[in-house]
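Report on the following structure.
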C-alpha cells in the first residue's frame, strides 16, 4: 500500500499509510531535518515478536536500543529505528491514537536523542516556563489560564521534548491544541475546535495567535503534585530532591529512564543546574482555594 | 487443570463499611506494607492504576473503551499474581457496556463487607459533605452513582452504587464468583476469628505471628496515628480525618427517631437477615 498522508508534528515529518485525526489537526508548516522522518505502515503481521538485546520488558512492551514492540489484544506497534519505521495494527482507533500521540511519540523521540517530559510550556515575562506533572495535575488548565489572564504565549500542552545541544538544554514546541475539560471551557469561555471524542466532555481548544512553533531554553520549572490538602504548598527545591522530582516527570519514566538512562541523566542534570525548580503541592479539589495556581506561579516569576 | 489463574480477591462493599480496614489488613499480610498510602491493592474505579499499567491518559477515552482496557489490564495482572486483591464499591452487574463487568475467569472470591446502614448513613454523610437526611435519600436511590459528573476531570471512574439494600443483594445473590460475607461489627468485636475466616476463604497462608501483626497494624488506633503522621490520600475533602470513629452502633446517639425509622423501613429485610435489629 502506498503512503498517502504527510504530517509535520513534534520534530517529525511523518509519512503514513493511514489517516491520523490528531496529526491532521496538529500539522504545522515548519521545516524539518530529514533525519527526523518517520514512516507509519499498517501491518497484518502482529505475531512478529522478534527483537534482540532487550533492555526493558514488561507485559505490554519490549524495548531495545534499536527497536520496540508494544502489544495488547487490540493494538500492535513495532518500531525499527534504523529504517525510521513504525508498523501498526489496531482494532479501536481511539485507543490507537491515544498510544500513538502519547507514549509512542515520546519513545520514538528518545531514539532521536530527545528526552520527553510530561509538561506544558509557555512564555511569560520574558521567561520560558515548564509546568510539569502527571495526568490530572491540571497542566492544561493552568496553561490556558495563563493565556487568557496574562496573555502568555505557549509551546506545548502535554509533552515537551528536551535535548542537550552545545551543553545547554533546549526544549521544543509540540501540538498547538490544548485539551480542556468542559468545566474549564465554560470557565474561560474557550474557543472549541473539536471534542477529543464525541462521547467525552473534553475538548481541543487552540489559539493560533498565541502558539509558538519554536525551540527555547527553559528558565523556570514548576512541578505540580496532587495532595489531599485544602491550600497549595509551594517551595523551591534543590539537590537530590530536584533531580528525583524531575525524573518523576519524564514522560513514561520507567521505559525512558531504563533504556535511555545515560541520555536522560545528562539532560536532567543539566536542566536541573540550568533552572530554578519549584514544587507545588496542590489540593485534589480546588474549589476552596484562595488563589488560583496561575496567580501563585505568577508571583514566583 | 483450570485454564485461567483465579487470583483476584474482590473486596466489595457499600462505601464507609470497613473496606479500607480489610484492605490494609490484607496488604500487611500479603505485601508486608507499612505505608497506608501505598497498599498495592488497587480500587477498580481508579484511573491512576489503569494509567500506570496501560501507559496512556485514559480520561480522553469514552467509558466503554476504558472498561475494555480495564478488563485487559486487570486480567493481565491477575495472570502473574498468586493473590490479587481489588477494592470495589460498584453494585454488582453481570455486564457493563456489553462486556463482562469483571474479569470473572480470573476471580477467586468476593469478600463482601457489610455494616449496619444506620452507622453507614452517618459516616457516608460526612464523606459526601451532605446532611444525614440527604444521605439517607441517596442510600435509598436505586440509580445513585459516585463520580458521575463527566463534565470535569475525575480521579475515579463512575461507580454505580444503587440503594444500600440493592448493593448488598447484588453481591450476595450473584453466582459467578464464590462470596463470603463479613460484618463490620464482627471485625470490631470478634476481630481475630473474623480476619482468620477472611484468610481461609481467600486461601491465603498465615501463621499466628503474621495474623497478630496484621491485626495490630490495621487497628483503628494505629491507623489514626499513621494518618496524623503521614496523612491518608483517600480521605474525602469533606473530612478532617478518614479514620474517624471506628465504633459500632454509635448512631443511637446521633440519628433522630424518624431517621432511624426511615432507614429501617427501607432496608428491613436485610437489617433482620444480618442481625442489625434495633
Checklist outcome for this item: Over region A:175-213, the set of residues in a helix (DSSP H, G or I) and away from chain B (no Cβ under 12 Å) is A:188
Checklist outcome for this item: Considering residues that are crowded, with 17+ Cβ neighbours inside 10 Å and assigned to a loop (DSSP other than H, G, I, E, B), the number found within region B:240-256 is 5
Item to check | In region B:70-85, the residues that are part of a helix (DSSP H, G or I) and either at the interface with chain A (Cβ under 7 Å from one of its Cβ atoms) or free of Cβ contacts under 8 Å to residues at least 12 places away in the same chain (or both) | outcome: B:72, B:76
Checklist outcome for this item: When region B:53-68 is checked residue by residue, the ones that are closer than 22 Å to residue A:61 by Cα and more than 7 Å from chain A (Cβ to nearest Cβ) are B:53, B:54, B:58, B:66, B:67, B:68
Checklist entry - What do you reckon, is residue A:217 surrounded by fewer than 18 Cβ atoms within 10 Å (Cβ to Cβ), over 28 Å from residue A:26 (Cα atoms) and in contact with a strand residue (DSSP E or B) (Cβ under 9 Å, 6 or more places away or on another chain)? => result no
Checklist entry - Can you name the residue in region A:164-194 that is surrounded by 19 or more Cβ atoms within 10 Å (Cβ to Cβ) and within 14 Å of residue A:109 (Cβ to Cβ) and is also modelled with the highest pLDDT among such residues? => result A:171
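Here's a check for you: in region A:52-68, which residue that is out of contact with any helix residue (DSSP H, G or I) (no Cβ under 6 Å at 6 or more places or on another chain) and within 14 Å of chain B (Cβ to nearest Cβ) is farthest from residue A:261 (Cα to Cα)?
In this case the residue turns out to be A:60.
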Next on the checklist: Out of everything in region A:11-28 that is touching a helix residue (DSSP H, G or I) at 6+ places or on another chain (Cβ under 7 Å) and in a strand (DSSP E or B), what residue ends up being nearest to residue A:40 (Cα to Cα)?
Outcome noted: A:14
Checklist entry - Can you name every residue in region A:140-164 that is assigned to a strand (DSSP E or B) and in contact (Cβ under 8 Å) with a residue 40 or more places away in the chain? => result A:153, A:154, A:155, A:159, A:160, A:161, A:162, A:163, A:164
Next on the checklist: Being within 22 Å of residue A:31 (Cβ to Cβ) and either in contact with a strand residue (DSSP E or B) (Cβ under 7 Å, 6 or more places away or on another chain) or within 14 Å of chain B (Cβ to nearest Cβ) (or both) narrows it down to one residue among A:229, A:170; which is it?
Outcome noted: A:170
Checklist entry - Given the residues A:8, A:59, A:65, A:41, which is the only one that is more than 20 Å from the chain's Cα centre (by Cα) and part of a strand (DSSP E or B)? => result A:41
Checklist entry - Which condition number in (1) surrounded by fewer than 20 Cβ atoms within 10 Å (Cβ to Cβ); (2) under 17 Å from the mean Cα position of the chain (by Cα) is the one that residue B:12 fails? => result (1)
Item to check | Residue within region A:72-88 that is under 16 Å from residue A:253 (Cα atoms) and either in contact with a strand residue (DSSP E or B) (Cβ under 9 Å, 6 or more places away or on another chain) or within 14 Å of chain B (Cβ to nearest Cβ) (or both) present | outcome: no
Checklist outcome for this item: If we keep only residues of region B:112-151 that are within 14 Å of chain A (Cβ to nearest Cβ) and in a helix (DSSP H, G or I), then the residue surrounded by the most Cβ atoms within 10 Å (Cβ to Cβ) is B:127
Checklist outcome for this item: Scanning region A:248-287 residue by residue, those without any contact (Cβ under 8 Å) to a residue 60 or more places away in the chain, away from every other protein chain (no Cβ under 14 Å), part of a helix (DSSP H, G or I) and surrounded by 15 or more Cβ atoms within 10 Å (Cβ to Cβ) turn out to be A:269, A:272
Checklist entry - Of all residues in region B:34-55 being free of Cβ contacts under 8 Å to residues at least 12 places away in the same chain and assigned to a loop (DSSP other than H, G, I, E, B), which is nearest to residue A:254 (Cα to Cα)? => result B:55
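The values are calculated or read from the model by the stated rules, or taken from the named source; none is laboratory data. Note that the structure is a prediction, hence the values are computed from the model and not measured. Neighbour counts are summed over all protein chains in view; Cβ atoms, including those assigned to glycine, are modelled from backbone coordinates with ideal geometry.
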